[in-house]
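Please read the structure below before turning to the comments.
The values are calculated or read from the model by the stated rules, or taken from the named source; none is laboratory data. Computed from a predicted model, the values in this text were never measured in an experiment. When we count neighbours, we look across all protein chains shown, and the Cβ atoms used for this are built from the backbone with ideal geometry, even at glycine. SASA here: full protein model, heavy atoms, side chains in, ligands and nucleic acids out. Shrake-Rupley method; radii C 1.70, N 1.55, O 1.52, S 1.80 Å.
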Amino acid sequence: MHRTRGKVLGVAVALAATGLLAACGDNDSTASSTPTLTHTTTAAQPPATTSSAGGDTGQQAPAPEPPPQTPVETAAPERPLPVPTDAAPPGDTTKLTDKDKKFLEALKSQGVASSSPDIALSIGTYVCQGIAAGASEQDLTTFVNAMAGSDPSFDPAKMPVEQAGKIYIDTAKQTYCQ
């Protein structure tokens, strides 16, 4: 008796869930027109009335007239702003400090060449900020390895990413975080 009641209840719940999901899954849209950017008033049209007392004549109510279409003004296409002539190209080393240059040269002498000085300098800055904030060596290593490995010029065939990360951390500690 108990098992039968449980089965019946399970079937009833499954049927109810299926019915509810089927009712919600219909993609039928009741929209009859495309929205426009103009504001129209419908004060001249009387509201539709329905009768629930069996007065259905089988005829459909007349469709409302669509609002008048007005052309939408199109703006001129946007154009990108020109690049300032004093902008430095990526990899430009003219605005680097002596400390930046020393750090980059130390990395290069150990076999780490970044595709852009900005990448190497941001890794060095991260190491210095992490040390100042008291980050653990493990946290520094994890993030520096990730940053070093994401450098487009990094070649894992030349050295493992862990070795490159260690070089970045040691070099930053020796030359950049002072």
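Annotations for the structure displayed:
- Scan of the range 109-141 for residues that are within 13 Å of Ala164 (Cα to Cα) and surrounded by fewer than 13 Cβ atoms within 10 Å (Cβ to Cβ), ordered by number: Ser109, Gly111
- Qualifying residue in the range 161-168 (condition: within 19 Å of Asp98 (Cα to Cα) and either open to solvent by less than 50 Å² (accessible area, probe 1.4 Å) or free of Cβ contacts under 8 Å to residues at least 40 places away in the same chain (or both)): yes
- Of all residues making up the range 135-178, the number that are over 31 Å from the mean Cα position of the chain (by Cα) and not charged (D, E, K, R): 11
- Residue in the range 155-166 that is assigned to a loop (DSSP other than H, G, I, E, B) and small (Gly, Ala, Ser) present: yes
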